[in-house]
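Okay, so here's the structure we're looking at.
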Amino acid sequence: MLSTETVAEPPEASRIPLATLANILVIEDEDLIRETLVLALEEEGYHALVATDGYEALNLINNYLFTDSSAKDAEIHLIILDVILPGISGLDLCRFIRRQGCTVPILMISAKGSEIDRVVGLEIGADDYLAKPFGMREMLARCRALLRRAQTQQATVPLVLRFRDLCLYPQECRVTLRGEELNLSPKEYKLLELFMRHPRRVWPREQLLDQVWGPDFVGDSKTVDVHIRWLREKIETDPSRPHYILTVRGFGYRFG
């Protein structure tokens with residue numbers, strides 16, 4: 001049976017820092033708005049990082065969110081993201097962050113304030129949406145709320161996903177089988193994590209490609225079969241008679 005182990009109160013060092021230590025990335029191309037946001041955030045005690053276009057933002061996101069580092073100044077705890085940016089749009093940046101499995105809170109800001117614009121922003125992964133013009137007090141209140149919510153959610157993140165003798169540690173990106181650590185490729189790890197987070201769910205190949213390789217992947221769905229075979233060779237006692245990753249003929253694969 002799949003189980004998760006959680007800690008109700010994580011150690012103080014693992015929590016999102018207080019406002020005086022929290023890093024907020026401001027992605028905004030309009031100078032006046034960006035400078036006003038940064039000033040308001042720093043007066044509140046936050047540390048603000050800035051990007052003025054989509055490409056600069058993408059570099060910061062990759063460096064701060066997707067580069068291994070234990071240093072506190074190499075973390076981003078909240079992103080304030082403008083929708084319309086030079087180079088890469090805020091919507092595409094939001095999609096990219098969420099496709100990587102990153103859950104950092106995103107406050108989307110935009111001059112587009114219609115209901116459909118807000119719905120689109122929230123549907124692609126933003127946690128909140130604020131239409132321009134807005135007051136700094138409201139913006140700060142939304143930032144505090146998102147940071148509080150993220151801290152509460154962090155306390156319930158599973159430390160271990162366990163099924164029989166197989167253990168996956170999401171915060172450490174490692175897997176053990178009968179106590180021995182496995183050497184998985186990034187795609188193999190992402191497949192296994194997806195399976196273990198959704199036990200007994202049947203995944204068609206197309207959905208696995210979308211979740212693990214991304215919707216822009218160009219290639220054959222047999223790529224999934226190849227990686228499933230490699231993964232079975234590492235976790236199954238007899239890959240030809242699997243107990244972990246099962247084939248559901250005519251549909252796809254399921255775990256457990």
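The values are calculated or read from the model by the stated rules, or taken from the named source; none is laboratory data. Small disclaimer: the values here were computed from a predicted structure and weren't measured. Counting neighbours? That spans all protein chains shown, and the Cβs are built from the backbone with ideal geometry, glycine included. Only protein heavy atoms, including side chains, enter the accessible area calculation; ligands, DNA and RNA are left aside. Shrake-Rupley method; radii C 1.70, N 1.55, O 1.52, S 1.80 Å.
Give the relative contact order (percent, whole number) for the chain; include only Cα pairs under 8 Å separated by 6+ residues.
Details: 368 pairs, mean separation 43.0, N = 256.
Relative contact order of the chain: 17 percent.
Using per-residue counts of other Cβ atoms within 10 Å, averaged over each peptide, order 191-199, 209-217, 125-133 from highest down.
Going by the mean number of other Cβ atoms within 10 Å, highest first, we get 191-199, 125-133, 209-217.
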Computed label-point distance, nm, for sites residue 181 and residue 206 using a 7 Å Cα→Cβ extension: 3.9 nm
Out of all DSSP beta bridges with both ends in the range 57-138, state the antiparallel percent to the nearest 5. 0 percent
Excluding same-chain pairs closer than 8 in sequence, count the lysine pairs in the chain whose Cα atoms lie under 26 Å apart. 7
When DSSP assigns beta bridges and you keep just the ones with both residues in the chain, what percent turn out antiparallel, to the nearest 5? 50 percent
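For the chain, report the translational diffusion coefficient in µm²/s to the nearest whole number, using Stokes-Einstein at 37 °C, 0.692 mPa s, and a Kirkwood Rh over Cα pairs.
Working: Rh = 20.2 Å.
The Stokes-Einstein estimate is 162 µm²/s.
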Where the accessible area of the chain is counted over protein heavy atoms with a 1.4 Å probe, how much of it, in %, is carbon and sulfur? 51 percent
From the phi of every residue in the range 211-225, what ³J(HN,Hα) in whole Hz does the Karplus formula 6.51 cos²θ - 1.76 cosθ + 1.60 yield, where θ is phi - 60° and glycine or proline is x? 6, 9, 9, x, x, 8, 5, 10, x, 8, 5, 5, 4, 4, 4
Interchain or long-range residues, amide H under 5 Å from residue 88's placed H: 54, 55
At 20 °C and 1.002 mPa s, grab the translational diffusion coefficient of the range 20-65 from Stokes-Einstein with a Kirkwood Rh over Cα pairs, rounded to a whole number in µm² per second. 198 µm²/s
